[in-house]
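Here is the structure we will look at.
The values are calculated or read from the model by the stated rules, or taken from the named source; none is laboratory data. Bear in mind that the values here come from a model prediction, so they are computed numbers and not experimental data. Cβ coordinates were reconstructed from backbone atoms using ideal geometry, including for glycine residues, and neighbour counts include every protein chain displayed. Each accessible area value is taken on the protein alone, full model and side chains, heavy atoms only, with ligands, DNA and RNA left out. Shrake-Rupley method; radii C 1.70, N 1.55, O 1.52, S 1.80 Å.
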Amino acid sequence: MAASTLGAAWGPLRPYVPGLCRRRPPQDLCARSRRLPELAVSGRSLAATSGRGAPGTDLYCMELLRKRDYEGYLCSLLQPAESRSAVFALRAFNVELAQVKDSVSEKTTGLMRMQFWKNTVEDIYCDNPPQQPVAIELWKAVKRHNLTKRWLMKIVDEREKNLDDKAYRNIQELETYAENTQGSLLYLTLEILGVKDLHADHAASHIGKAQGIVTCLRAAPYHGSRRKVFLPMDICMLHGVSQEDFLRKNQDKNVRDVIYDIASQAHLHLKHARSFHKSVPLRAFPAFLQTVALEDYLKKIQRVDFDIFHPALQQKNTLLPLSLYIRSWRKRY
């Protein structure tokens, strides 16, 4: 992929955009401004003996999310009351799948855990969930909101394929993974909210891709500490950057160029998702609150001159809960 092709495809990403910080030029280079324009009990017997499910399963999902996906936890709290527990269950399901890869040392063990969740989804739709907190809450969500089985299975299948420790061959491969995981999660969230709308689905697709790309960037330092690099190889090759450069935490200009190009793609998806917000039903907006956190990260990485290893990127934004609340109150994403 040539540099000119990237520029043509992504449009006005480098020209000045008000509200974004100016990049500090290196000492030995001409200034160049840059902008960005994670014992089986049947469902029937469980429902009969425990009413709405085993006690504490909803709190388990909330606590899992609070510990493992804090931004998702905050967004879930701002969902409509009638949808909140189902969204917590859905996101807890995603967390359970996401942490498989990092919690196993052998791929075989990971495949066994993924098979458990495949069987769990099948059992949920047979009204026979296993006695596991997330599975019980997900079963309740499926029963209450008639969630599409295909989206749940797509998340599991894509997470399973991702157990291979291989870098993405190109940005399109990363976007496909993001679409099948984060995108599917958003489609299911829209179903929970009772939204069936083509524009909302279109926005969900772009936001899901942006979420996947940003997650890949945010996880780069952690993966590097384990001597793994998953950033798209095509963009690395375009700038002459090797995996070893990231493992050594190289901060040369060409390494930052790689991060800039990847972050720009995330920004472009975010921009597309917002370009038709007037056509998206208001009921869908709570599903897209995560755009606040995505925008926050993209602005932070620009402020640190696209240094993926900068400590500031690992710090929580203490104002994020307030920002999310304001965006929710304004009915914007």
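The rows are residues; the columns are (1) more than 21 Å from Tyr297 (Cβ to Cβ); (2) over 19 Å from the mean Cα position of the chain (by Cα); (3) among the acidic types (Asp, Glu).
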{"site": "Pro221", "(1), (2), (3)": "no, no, no"}
{"site": "His239", "(1), (2), (3)": "yes, yes, no"}
{"site": "Phe246", "(1), (2), (3)": "no, yes, no"}
{"site": "Ala263", "(1), (2), (3)": "no, no, no"}
{"site": "His272", "(1), (2), (3)": "no, no, no"}
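Close contacts from the stretch 227-253, counting a first residue that is closer than 21 Å to Val214 by Cβ and a second that is of a type in the set (Lys, Arg) and surrounded by 18 or more Cβ atoms within 10 Å (Cβ to Cβ), with Cβ to Cβ under 6 Å and a gap of 6+ residues or different chains, come to none at all.
Within the stretch 204-238, restricting attention to residues that are under 24 Å from Ala293 (Cα atoms) and among the charged types (D, E, K, R), the residue that is most open to solvent (accessible area, probe 1.4 Å) is Arg218. Examine the stretch 101-117 for a residue that is under 15 Å from Val156 (Cα atoms), surrounded by 20 or more Cβ atoms within 10 Å (Cβ to Cβ) and among the small types (Gly, Ala, Ser), and state whether such a residue exists. Looking through the stretch 101-117, at least one residue is under 15 Å from Val156 (Cα atoms), surrounded by 20 or more Cβ atoms within 10 Å (Cβ to Cβ) and among the small types (Gly, Ala, Ser). Give the stretch 170-203 a look and list any residue that's open to solvent by less than 30 Å² (accessible area, probe 1.4 Å) and among the acidic types (Asp, Glu), or say none. Glu175 - this is the single residue of the stretch 170-203 that is open to solvent by less than 30 Å² (accessible area, probe 1.4 Å) and among the acidic types (Asp, Glu).
I'd like the residue in the stretch 239-270 that is of a type in the set (Lys, Arg) and outside any helix (DSSP H, G or I) and, out of all such residues, is surrounded by the most Cβ atoms within 10 Å (Cβ to Cβ). Among them, the one singled out is Lys249.
Would you call Arg66 over 30 Å from Thr291 (Cα atoms), touching a helix residue (DSSP H, G or I) at 6+ places or on another chain (Cβ under 9 Å), open to solvent by 60 Å² or more (accessible area, probe 1.4 Å) and among the basic types (Lys, Arg)? Before you say what the answer is, go through the steps one by one.
Details: over 30 Å from Thr291 (Cα atoms): no; touching a helix residue (DSSP H, G or I) at 6+ places or on another chain (Cβ under 9 Å): yes; open to solvent by 60 Å² or more (accessible area, probe 1.4 Å): yes; among the basic types (Lys, Arg): yes.
So Arg66 does not fit the description; no.
Considering the stretch 283-317, the residues that are under 30 Å from Ser83 (Cβ atoms) and at pLDDT below 95 include one that is surrounded by the fewest Cβ atoms within 10 Å (Cβ to Cβ), namely Lys316. Filtering the stretch 210-238 to residues that are over 13 Å from Ile259 (Cα atoms), part of a helix (DSSP H, G or I) and out of contact with any Lys or Arg (no Cβ under 8 Å at 6 or more places or on another chain) leaves Ala210, Gln211, Gly212, Tyr222, His223, Ser225. The stretch 139-206 holds helices (runs of 4 or more DSSP H) entirely within its bounds, and those carrying 3 or more residues that are under 19 Å from His272 (Cβ atoms) map to 171-178, 184-192.
Filter the stretch 324-333 for residues that are open to solvent by 50 Å² or more (accessible area, probe 1.4 Å) and not charged (D, E, K, R) and give the result.
Looking only at the stretch 324-333, we keep the residues that are open to solvent by 50 Å² or more (accessible area, probe 1.4 Å), and these are 325-327, 329-332.
Of everything in the stretch 324-333, those that are open to solvent by 50 Å² or more (accessible area, probe 1.4 Å) and not charged (D, E, K, R) turn out to be Tyr325, Ile326, Trp329.
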